[in-house]
Amino acid sequence: MKALVLCSSPRQQGNSARLARAVATGLAASGHDTETVYLADAVTGFIRDCRTCRRADGTCSIDDGHASLFLDRFLDADGVVVATPVYWYSMSAQLKAFFDRMSCYLFAAYPGADSVMRRMKGKRIGLVLSSEEAYPTLSAGVIQPIQEYVRYTHGTFVGVVHGQGNARGEVSRDPRNPIAQAEQFGRDFFALRYTDYQIDTPRAPRVWESPNA
Ligand SMILES: Cc1cc2nc3c(=O)[nH]c(=O)nc-3n(C[C@H](O)[C@H](O)[C@H](O)COP(=O)(O)O)c2cc1C
């Protein structure tokens, strides 16, 4: 499978990037074709009013690496892991900008909008985050929009790895060992079970098959 790992902290030696690299190690160990990208190298601008910055041929005129990252690498991937620090109980502005700017390729004015929409569907998406604080709902403002994105694009929200730390790399001292969790998450990424039932979803009474059944 083709996997893309997006590190969105401006600190490339920081905590979320450490976790993201561990996920990438796990993905590669399971034989997946894995690429890691630091968003700060690719996305340097926010979305603008598309009516003023769209070129005559429908393409985006913001001249950074977003177009090639989104159109060539993101759309090509079977699975994407996004890594972010918790910033003000939400995701980093870099990651938000990456998602916001996808919209430019979905409007009818973009000549390839139909193909973009088709290729956005059905991906496996994972989330890796780091924060200073630890209380359980601290990460709700990061998880919720990612989950909505996955729902909107008929994807699979594979799961979340959360490490605690503040200083660069301090996440490696978190006693829950999120770095090992992240590596395992990468190994299992394309196999992990995900369910989101509706009342009439046909299902077996057990979640896991019993060896004696
Ligand atoms: C602008 C900013 C906002 C932050 N807001 C929060 C926050 O709301 N809650 C929290 O637990 N940590 C917060 N932090 C701390 C970071 O989440 C923490 O240091 C994280 O490990 C940084 O990840 P990084 O090393 O990948 O950049 C904030 C840090 C910055 C710089």
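Does at least one position in the stretch 171-189 carry a residue that is surrounded by fewer than 10 Cβ atoms within 10 Å (Cβ to Cβ) and within 16 Å of the ligand (Cβ to nearest atom)? Yes, there is a match, as at least one residue in the stretch 171-189 is surrounded by fewer than 10 Cβ atoms within 10 Å (Cβ to Cβ) and within 16 Å of the ligand (Cβ to nearest atom). Evaluation of residue 9 against the conditions (1) of a type in the set (Ser, Thr, Tyr); (2) assigned to a helix (DSSP H, G or I); (3) within 12 Å of the ligand (Cβ to nearest atom) shows that the sole unmet condition is (2).
All conditions in (1) at pLDDT 95 or above; (2) at negative phi hold for residue 89, with the sole exception of (2).
Residues of the stretch 12-42 that are part of a loop (DSSP other than H, G, I, E, B), on the phi < 0 side of the Ramachandran plot and either more than 16 Å from the ligand (Cβ to nearest atom) or basic (Lys, Arg) (or both): 30, 32.
Out of all the residues in the stretch 174-204, which are among the acidic types (Asp, Glu) and under 17 Å from the mean Cα position of the chain (by Cα)?
In the first step, residues of the stretch 174-204 are kept if they are among the acidic types (Asp, Glu); the result is 174, 183, 188, 196, 200.
Those that are among the acidic types (Asp, Glu) and under 17 Å from the mean Cα position of the chain (by Cα): 183, 188.
Taking the stretch 87-112 as the range and being buried (at least 16 other Cβ atoms within 10 Å of the Cβ), over 18 Å from residue 38 (Cβ atoms) and within 11 Å of the ligand (Cβ to nearest atom) as the test, only 90 passes.
If you go through the stretch 127-140 and keep only what is within 19 Å of residue 165 (Cβ to Cβ) and of a type outside the set (Val, Ile, Thr), you end up with 127, 129, 130, 131, 132, 133, 134, 135, 136, 138, 139. Looking only at residues in the stretch 55-69 that are in contact with a helix residue (DSSP H, G or I) (Cβ under 6 Å, 6 or more places away or on another chain) and at pLDDT 95 or above, which one is surrounded by the fewest Cβ atoms within 10 Å (Cβ to Cβ)? Out of the qualifying residues, it is 65. When you check residue 52 against the structure, is it part of a helix (DSSP H, G or I) and either modelled with pLDDT under 95 or farther than 22 Å from residue 183 by Cα (or both), yes or no? Yes. For the residues 115, 131, the requirement of being surrounded by 13 or more Cβ atoms within 10 Å (Cβ to Cβ), within 16 Å of the ligand (Cβ to nearest atom) and small (Gly, Ala, Ser) singles out 131. Scanning the stretch 62-82 for any residue that is within 16 Å of the ligand (Cβ to nearest atom), under 27 Å from residue 131 (Cβ atoms) and assigned to a helix (DSSP H, G or I) turns up nothing.
Please go through the stretch 138-173 and give me each residue that is more than 18 Å from the chain's Cα centre (by Cα) and over 15 Å from residue 85 (Cα atoms), ordered by number. Scanning the stretch 138-173 gives a single hit, 173.
The values are calculated or read from the model by the stated rules, or taken from the named source; none is laboratory data. Quick caveat, the model's predicted, so the values are computed rather than measured. Cβ atoms come from the backbone with ideal geometry, glycine included; neighbour counts cover every protein chain shown.
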